[in-house]
């Protein structure tokens, strides 16, 4: 014999299912939207979200690649790209892919450092 769900039980179940679906979609979005590869400079980035907006963080460097040669380190926070605060990771990726030189300001610890990355 099947038990019928009361209206409150149905609402709780629906809420739990929507929360689980929302979490799954959010995780998928984080993976797709918040990772960027700077293949042309040999670096990957992930977005951090401090109170003032998206700040890309270097997550890996290709050994001997342009980013590593320029002095970027894993953990550096990219605060400026060619003088502007990046709004999205896609913007960082686009700048690095389309310009032979990109001037960055990165935060490393408590210091802001100017770094110029030259593409391939």
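Bear in mind that the values in this text are calculations on the coordinates, not laboratory data. As the structure is a prediction and not an experimental result, all values here were calculated from the model. Backbone-built Cβ (ideal geometry, glycine too); neighbour counts: all protein chains shown.
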Fill in the blank from the handout: Quick calc: nm separation of the 7 Å Cα→Cβ label points for residue 101 and residue 49 -> 3.6
Exercise for the section: Please give, to one decimal in nm, the separation of the simple spin-label points placed at residue 116 and residue 94, each 7 Å out from Cα toward the Cβ. Expected result: 2.5
Exercise for the section: Report the paramagnetic label zone for residue 62: residues of the range 96-110 whose backbone N is under 13 Å from a point 7 Å from Cα along the Cα-to-Cβ axis. Expected result: 97
Fill in the blank from the handout: Evaluated at 25 °C and 0.890 mPa s, the Stokes-Einstein D of the range 35-118 based on the Kirkwood radius over Cα pairs, in µm²/s, stands at 200
